[in-house]
Each structure stands twice: as structure tokens, then as C-alpha cells.
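The values are calculated or read from the model by the stated rules, or taken from the named source; none is laboratory data. Just so it is clear, the model here is predicted, and its values are computed rather than measured. Cβ placement follows ideal geometry from the backbone for every residue including glycine, while neighbour counts extend to all protein chains displayed. To get the accessible areas, we keep the full protein, side chains included, count just its heavy atoms, and leave off ligands, DNA and RNA. Shrake-Rupley method; radii C 1.70, N 1.55, O 1.52, S 1.80 Å.
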Amino acid sequence: MKILVVNVNTTESMTEGIVHAAQEVAAAGTEIIGLTPSFGAESCEGNVESYLAALGVMDAVMKYPGEFDAVIQAGYGEHGREGLQELLDVPVIDITEAGAALAMFLGHRYAVVTTLDRTVPLIEDRLLLAGLNTHCASVRASGMAVLELENQPDRAIAAIADQAAEAVESDRAEAIVLGCGGMAELKETIVQRCDVPVVDGVTAAVKLAESLVGLGLKTSKVRTYATARPKQMSGWPFNAA
């Protein structure tokens, strides 16, 4: 089984970290292929960057030369999953939905801890669109920018753990979802601090993708995600021969 894990931003080191987290939980025989968009923002923290990421991710997947069995969009709260589902018939998993869906099996209500406050509405909208908001106790911002997760790891761990603890104490959350693809390595620290289950969206998405492929399930091509009707698409795909 081959799974494409696509970073939503152009920071290669973050792609490497995401791939490492995915490989840690992948079953024997599952190959994880990391992709980085050729254009877009170095980190996604707003609507403009998110819409650029949606195009960048689709472009990267369309240009991948080999076959694959599933795609994971590794961006928390980002746009674009629906476009990938139109393009492909293999399962497409978004880490926002994967993390929240698994957390709902672990407690009555979950909380998401993310990066900057400006990303909170995007995450809330994605959870609402996916029908996963009912059991969401809160979406909390750590105040750490995406790139600071790599550049200031100690400060990031403290800020994220503080918000996770506050979500459990004040918001009555019973599970925590890490709201960024680059947070996987913070999981154990938060478990020790809060004593609740902690779900990372990347690793959750890998196991969901493996399950869907193993069951022989694919994206429905009836109505919503039917292949786009043939028509002239000016300038798309990018750099088409």
C-alpha cells in the first residue's frame, strides 16, 4: 500500500517531520511518500495561504508520477480536501477530520489546541462542515506560529500543554486533538500533563487511510465528488505540456 502525505506548506523540514510521524504508525507494507507543494506559503496561517495551499496540494498530487492508494492532506483546518476528492477515486483523508473523528471515540467531548488565534475560525468552520463540531468543547490557540514549533520547541511545548490543560479543566474536554501537522512529537508531553487521550491528526489519518484501503473502499463518484465535466480549463493544470 502506498499513501501520499502532502504537506500544505512549502517548508521541507516540516514535510520530513510529518512523514516521520506517519511512518512511526504505518503498518508493515505501507509506504509513506511525502510531497511538498512547489508554490505557496512557508506556513499556512490564514485564508489566503490556505486557498493557495489547496491549489498547491492538488498540483503536487497531479504531478506525482506513480500510482498510489490513498492521499492524506496534512494541514489542520486548510481548504482543498473536496477538490482532491473530485480529482481522485482513492480515499482522501484530511488530518482535521481524522483527528476529530478518532477523538470522538475516546471521550464525550474533545478540544483542539492549535497555533495562532487567527486560525481558530478556519478550524471551527472545517469541523462544522464535516459535522464534527457537536462534540467539540473548544478550539484553543497556543499563540505559537507554525514555524515556531520547529524554531522554539521548548516554548511551543509549554504553550500547547498549558492550553490543553486549560481545555480539560475549564472546557470539560475529555480528549485533546493536536491542531497542526507539526505537533505530533508533542503528544507524550501533553498526555503526561493532562492525563487524557491525545490524538495527532497525521497518525490518525494514516490508520484511517489504511483501513479504507484495506476494506476496498474508494471515494464515491456519484454527485458531490463526481469527476469534473470535460471543459476548457485556462492555465490548469499548471505547466501542462
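Within the bounds of segment 72-81, is there any residue that is crowded, with 21+ Cβ neighbours inside 10 Å and part of a helix (DSSP H, G or I)?
There is at least one residue in segment 72-81 that is crowded, with 21+ Cβ neighbours inside 10 Å and part of a helix (DSSP H, G or I).
Quick one: would you say VAL168 is assigned to a helix (DSSP H, G or I) and surrounded by 16 or more Cβ atoms within 10 Å (Cβ to Cβ)?
The answer is yes for VAL168.
Within segment 103-135, which residues are open to solvent by 10 Å² or more (accessible area, probe 1.4 Å), part of a helix (DSSP H, G or I) and either within 19 Å of VAL5 (Cα to Cα) or without any contact (Cβ under 8 Å) to a residue 60 or more places away in the chain (or both)?
Matches in segment 103-135: ASP117, VAL120, PRO121, GLU124, ASP125, ARG126, LEU128, LEU129.
Within the bounds of segment 4-13, is there any residue that is open to solvent by 40 Å² or more (accessible area, probe 1.4 Å) and free of Cβ contacts under 8 Å to residues at least 24 places away in the same chain?
Within segment 4-13, none of the residues are open to solvent by 40 Å² or more (accessible area, probe 1.4 Å) and free of Cβ contacts under 8 Å to residues at least 24 places away in the same chain.
Assuming ALA209 fulfils every condition listed in (1) in the same structural domain as THR115 (by the TED database); (2) surrounded by 18 or more Cβ atoms within 10 Å (Cβ to Cβ) apart from one, which condition is it?
Condition not satisfied by ALA209: (1).
Filter segment 194-241 down to the residues that are among the hydrophobic types (A, V, I, L, M, F, W, C), in a loop (DSSP other than H, G, I, E, B) and at pLDDT 95 or above and list them by number.
Listed by number, the residues that qualify are LEU215, LEU217, ALA226.
This table checks each residue for (1) out of contact with any His (no Cβ under 8 Å at 6 or more places or on another chain); (2) closer than 25 Å to LYS207 by Cβ.
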{"site": "ALA53", "(1), (2)": "no, yes"}
{"site": "GLY66", "(1), (2)": "yes, yes"}
{"site": "VAL71", "(1), (2)": "yes, yes"}
{"site": "HIS79", "(1), (2)": "yes, yes"}
{"site": "THR96", "(1), (2)": "yes, yes"}
{"site": "PRO121", "(1), (2)": "yes, no"}
{"site": "ASN133", "(1), (2)": "yes, yes"}
{"site": "PRO153", "(1), (2)": "yes, no"}
{"site": "ASP162", "(1), (2)": "yes, no"}
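Six or more apart or on different chains, Cβ atoms under 8 Å: show the pairs whose first residue is in segment 161-187 and basic (Lys, Arg) and whose second is open to solvent by 30 Å² or more (accessible area, probe 1.4 Å) and outside any helix (DSSP H, G or I).
ARG172/ARG109
(1) assigned to a helix (DSSP H, G or I); (2) assigned by the TED database to the domain that holds GLN23; (3) touching a residue at least 40 places away in the same chain (Cβ under 8 Å); (4) crowded, with 21+ Cβ neighbours inside 10 Å: which one isn't true of ALA100, the others all being true?
(2)
Hey, can you tell me all the residues within segment 171-189 that are open to solvent by less than 60 Å² (accessible area, probe 1.4 Å) and modelled with pLDDT of 80 or more?
Residues satisfying the conditions are ASP171, ALA173, ALA175, ILE176, VAL177, LEU178, GLY179, CYS180.
Tally the residues that are in contact with a Leu (Cβ under 9 Å, 6 or more places away or on another chain) and either open to solvent by 40 Å² or more (accessible area, probe 1.4 Å) or modelled with pLDDT of 80 or more (or both), restricting the search to segment 149-161.
Residues meeting the conditions: 5.
Within segment 26-51, take every residue that is part of a loop (DSSP other than H, G, I, E, B) and of a type in the set (Ser, Thr, Tyr) and give me the one that is surrounded by the most Cβ atoms within 10 Å (Cβ to Cβ).
SER43
So VAL146 ticks every box in (1) of a type in the set (Val, Ile, Thr); (2) touching a residue at least 24 places away in the same chain (Cβ under 8 Å); (3) in a helix (DSSP H, G or I); (4) open to solvent by less than 50 Å² (accessible area, probe 1.4 Å) but one. Which box is left unticked?
Failing condition for VAL146: (3).
So how many residues does segment 57-79 have that are among the small types (Gly, Ala, Ser), modelled with pLDDT of 95 or more and within 27 Å of ALA111 (Cβ to Cβ)?
So the count comes out to 1.
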